Amino acid sequence: MSNRITNFGAGPSALPEEVLIEAGKGLLNFQNTGIGIAEISHRSPEFDKFIREVEENMRTLLQIPHGYKVLFTQGGGTAQFSAVVMNMLAKYRSREGMASDQPIMDYVVTGSWSEKAMKEAKRLGGGTVNVVVNAQTTSVDGKKIFNHIPNHDSYKEKFSQDPALVYYCANETIDGVEFSDDLNSPFSFPFNALPEKAPLVADYSSSFMSRPIPCIERHAVIYAGAQKNIGPAGLTVIIVRDEWANVMDSSIPLYLSYKTLVDSRSLHNTPPVLSIYITGLVLKRMLEVGEQNGKAKEQALGHYAECAYRKASKLYAAIKEGEARGIFKVGGEERLKEFVSGADRRGMKGIKGHRSVGAGIRISLYNAVTEDKVDELIRYMKEFA
């Protein structure tokens, strides 16, 4: 479609055009049932079969170990800020001989999203919040902003010995920082510094399905909103180890309980059917594209990780070239508007920075943003300069 724009937005983000065309057909007639996907019962055998295939493809792509449940729900990452606390505290309280009646929750705060999660844990109460690291206090150039990932030395002897949970956000899109997926990097998550049985919780919303998850077997809970790489807004994916999904008490609202979702196989009430459908189409396509590029199904995410690296490398190289020549300082609100409007005229949208950090440009390179679209953006940047 010649009138399609390029969506560089942080979410809802771009989706593959082939998937959108297929989804349009499904809106009219889902798998030859004679009824559209947005109309069909979520308890129909056709949809039940489809959602099980979505789960299986997700398990294949991420290489999810045995002993984990994959759950589909709503509410985005924001609802999980609360759900994580309630479920993990309930599990802690259910233990025999628990170390404290005032459990500790460890939070690694590296950006706006982990900060929001930490504040929600404090608001809910039920335990003490220990901020293991706050990247604002160790920020580059002494600025009290989130602009880096702390190195491994920053965590020494700061994790609690018996926490109810340890929380981190893999990719802070508002602030532009991300944990490295190279475990040898001092800017990867410090898995080796964790107490042996500490239940690790990760918000993977912004890098979910763009690359393998490092030390996935070390996590108790991983969650992600679908609206970055794999689907439209409305769907949240939760990957939870079995032992942290078997507790229910009166402190947890029924729908936020992982046990509720497990027992109902994610069908306690009407799930986001259309979002699940489109996500299923995206995952199926990812497996096919990986295979077309010489990857076994279990390695298909490697193709997307390689693409992401190439796209990012091109863009960062262009930025550094511009900085070296002193030409990528946009120079005030008017010049910023000029840059954004010029991109808009060229069919490139969603590039303005997040409102919470003021002016600036933010380019999101999610899976469906192709390399040729990144090349177009770089050409425009140089043209503008």
Percentage relative contact order, the stretch 183-247, counting C-alpha pairs under 8 Å, at least six apart: 26
For ALA198, net neighbour charge (Lys/Arg +1, Asp/Glu -1) across residues whose Cβ lies under 10 Å away: -1
5 angstrom amide H check on GLY353, placed H, neighbours 5+ away: GLY360, ILE361, ARG362
Ranked order, GLU39, GLU178 - accessible area, probe 1.4 Å, largest first: GLU39, GLU178
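Distance check, please: which entries in LYS144/LYS382; LYS314/LYS382; LYS320/LYS382; LYS49/LYS284; LYS228/LYS373; LYS49/LYS295 exceed 23 angstrom between their Cα atoms?
Beyond 23 Å between Cα atoms: LYS144/LYS382; LYS49/LYS295.
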Computed magnitude of the charge dipole of the stretch 51-102 (debye, nearest 20; Cβ of K, R +1, Cβ of D, E -1): 80
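Any idea what the relative contact order of the chain is, in percent, if you count C-alpha pairs under 8 Å spaced at least 6 apart?
23 percent.
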The stretch 143-156 - phi-based ³J(HN,Hα) in whole Hz, Karplus 6.51/-1.76/1.60, Gly and Pro as x: 6, 8, 9, 7, 9, 6, 9, x, 7, 4, 4, 5, 9, 4
Gained length - LYS314 relative to GLU196, 0.36 nm times residue gap less alpha-carbon distance: 38.5 nm
Radius 12 Å from Cβ of GLU56, net charge of other residues (Lys, Arg +1; Asp, Glu -1): +3
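Which percent of the accessible heavy-atom area of the stretch 244-385 goes to carbon and sulfur, probe 1.4 angstrom?
Carbon with sulfur: 51 percent of the solvent-accessible area.
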Most mobile of ALA324, ALA135, ALA164 in a GNM of the chain (Cα contacts under 10 Å): ALA324
Paramagnetic label zone (point 7 Å from Cα along Cα-to-C-beta, GLU334; backbone N under 19 Å) in the stretch 347-385: 359-360, 384-385
Cα→Cβ-extended label distance, 7 Å offset, between SER250 and ARG59, nm: 3.7
Pairwise centroid distance, computed over Cα atoms, of the stretch 180-214 with the stretch 129-150, Å: 18
Selection from ALA198, ASN293, ILE363, by position along the positive dipole direction of the chain (Cβ): ILE363
Chymotrypsin sites (Phe, Trp or Tyr not before Pro) within the stretch 239-307: DSSP coil, no more than 12 neighbouring Cβ in 10 Å: none
The stretch 49-280: C-alpha gyration tensor shape, a/c 1.5 cut-off, then a/b vs b/c: oblate
Cα-centre dipole for the chain with unit charges at Cβ (Lys and Arg positive, Asp and Glu negative), debye to 20: 720
Whole-Hz ³J(HN,Hα) from phi, Karplus 6.51 cos²θ - 1.76 cosθ + 1.60, for the stretch 6-23, glycine and proline x: 9, 9, 8, x, 7, x, x, 9, 5, 10, x, 4, 4, 5, 5, 5, 5, 5
DSSP bridge pairs, the chain: antiparallel proportion in percent, nearest 5: 40
Highest-MSF residue in the chain out of PRO163, PRO272, PRO186 [GNM, Cα springs under 10 Å]: PRO186
Solvent-accessible area per residue for the chain (1.4 angstrom probe, square angstrom): 47
Note, ³J(HN,Hα) from phi for the stretch 118-129, Karplus 6.51, -1.76, 1.60, rounded to Hz, x at Gly and Pro: 4, 5, 5, 4, 5, 5, 6, x, x, x, 9, 9
Computed [θ] at 222 nm, deg cm²/dmol, the chain (DSSP H ≥ 4; -39,500 (n - 2.57); rounded to nearest 500): -12000 deg cm²/dmol
Percent accessible area from carbon and sulfur atoms, the stretch 1-143, protein chains only, probe 1.4 Å: 50
Separation in nanometres of the label points that stand 7 Å from Cα toward Cβ, at ALA296 and GLU323: 4.0
Spin-label pair LEU28/SER264, simplified geometry with 7 Å Cα→Cβ offset, distance in nm: 3.3
Amide H contacts under 5 Å for TYR167, placed H, 5+ residues apart: ASP106, TYR107, VAL108, VAL201
Residues with amide H under 5 Å from that of THR128, placed H, sequence gap 5 or more: ILE104, MET105
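The values are calculated or read from the model by the stated rules, or taken from the named source; none is laboratory data. As the structure is a computational prediction, the values presented were derived from the model and not from experiment. Cβ sites come from the backbone with ideal geometry, for glycine too, and all protein chains shown count toward neighbours. Keep in mind that these areas ignore ligands, DNA and RNA; they rest on the heavy atoms of the full protein, side chains included. Shrake-Rupley method; radii C 1.70, N 1.55, O 1.52, S 1.80 Å.
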